[in-house]
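A quick write-up on the structure given underneath.
The values are calculated or read from the model by the stated rules, or taken from the named source; none is laboratory data. Because the structure is predicted, anything quoted here is derived from the model rather than measured. Because the Cβ atoms are built from the backbone with ideal geometry, glycine has one as well, and the counts that use them run over all protein chains shown.
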Amino acid sequence: MTEDDLDPVWKALADPTRRALLDLLKGRPRMTGELAAAFPHLSRFAVMKHLGVLEEAGLVLVRRRGRERWNHLNAVPIRALAERWIGGYEAAWAGSLLRLRDVAEDHPREEEPTMPSLIDAGPIVVRSMLIEQKVQIAAPPARVFDSLTRGVGRWWDHSWAKGEVRMDARPGGRFEEVWSETDGALYATVTRVKQGEFLAFTGPMGMTGAVQNVMEITLEPNDGGTRLRLTHRALGELGDDTESNYSKGWTALLAGRLKSLVETGDPGSSNRIG
């Protein structure tokens, strides 16, 4: 993203009410009425105006279900801000200093982005999850699709056993990690595909237990490049932090490694998740 592209993000983050709205959305998507109720000193119109600024900046994605208006956090622009001024080497030092500060102040530090394996030893709790993200990539859709699928092993940095990660981008094709001729792990199975435009796949995606994941990635020509849209739905035995962790994981993979790989030929330093 250029400096001009980031201007709306700076404007959106400058207001404390808008930052508080993002804090509420960090935990889970929320309806507009619920967000308005969290700010009793403001009118519903004022809260919707703040949400409009966040949506214009790309920090909030809106999904309508009938008469309901659901607001989802999109962390991609915030990552773009960090990458604009903080390189990979500097980021490692910044992260270390923040962890040192938290230890000194006895504050628990939020876990690094992960796509965890979930094991629930207690009663089964069924939850749903919806993650929506969009990323602007400075390359045509055909090249993005090629890196997304045939080049998946270069940017997909989630691995259980440091095996070969590969994707067969055809209906029924496997998105998998291969450890040997007989051993490996299945992430998902491709269910629908249109070369250069659309990819859908379903499977465990690193989760254990009774859970179903459905992912859709759409590529659209936009502003001389490609707008990538991700939708990830899940239903089943999901942990309390699953949605937050997977959202961060997708941001690191798509807005970080895939974008860098397509635009520069280098996915950047390792940011392992899992």
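Tabulated results
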| quantity | calculated |
| --- | --- |
| Output for region 223-246, where each listed residue is touching a helix residue (DSSP H, G or I) at 6+ places or on another chain (Cβ under 9 Å) and among the small types (Gly, Ala, Ser) | Gly225, Ala234, Gly239, Ser244 |
| Some residue of region 212-224 being over 19 Å from the mean Cα position of the chain (by Cα) and crowded, with 19+ Cβ neighbours inside 10 Å | no |
| Those residues of region 129-185 which are aromatic (Phe, Trp, Tyr) and free of Cβ contacts under 8 Å to residues at least 60 places away in the same chain, in sequence order | Phe175, Trp179 |
| Tally of residues being of a type in the set (A, V, I, L, M), in contact (Cβ under 8 Å) with a residue 40 or more places away in the chain and in a strand (DSSP E or B) across region 204-224 | 3 |
| Which listed residue is under 17 Å from the mean Cα position of the chain (by Cα), under 25 Å from Val60 (Cα atoms) and not aliphatic (A, V, I, L, M), from Glu197, Glu243 | Glu243 |
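A quick yes/no check of all residues on (1) assigned to a loop (DSSP other than H, G, I, E, B); (2) crowded, with 16+ Cβ neighbours inside 10 Å; (3) outside the structural domain of Val62 (by TED's automatic domain parsing); (4) at pLDDT below 95:
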site: Leu148; (1), (2), (3), (4): no, yes, yes, no
site: Arg166; (1), (2), (3), (4): no, yes, yes, yes
site: Ser180; (1), (2), (3), (4): yes, no, yes, yes
site: Leu186; (1), (2), (3), (4): no, no, yes, yes
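Rundown of residues vs (1) out of contact with any helix residue (DSSP H, G or I) (no Cβ under 6 Å at 6 or more places or on another chain); (2) in a helix (DSSP H, G or I), yes/no style:
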{"site": "Trp10", "(1), (2)": "yes, yes"}
{"site": "Arg18", "(1), (2)": "no, yes"}
{"site": "Leu25", "(1), (2)": "yes, yes"}
{"site": "Glu34", "(1), (2)": "yes, yes"}
{"site": "Phe39", "(1), (2)": "no, no"}
{"site": "Leu42", "(1), (2)": "yes, no"}
{"site": "Val47", "(1), (2)": "no, yes"}
{"site": "Gly52", "(1), (2)": "yes, yes"}
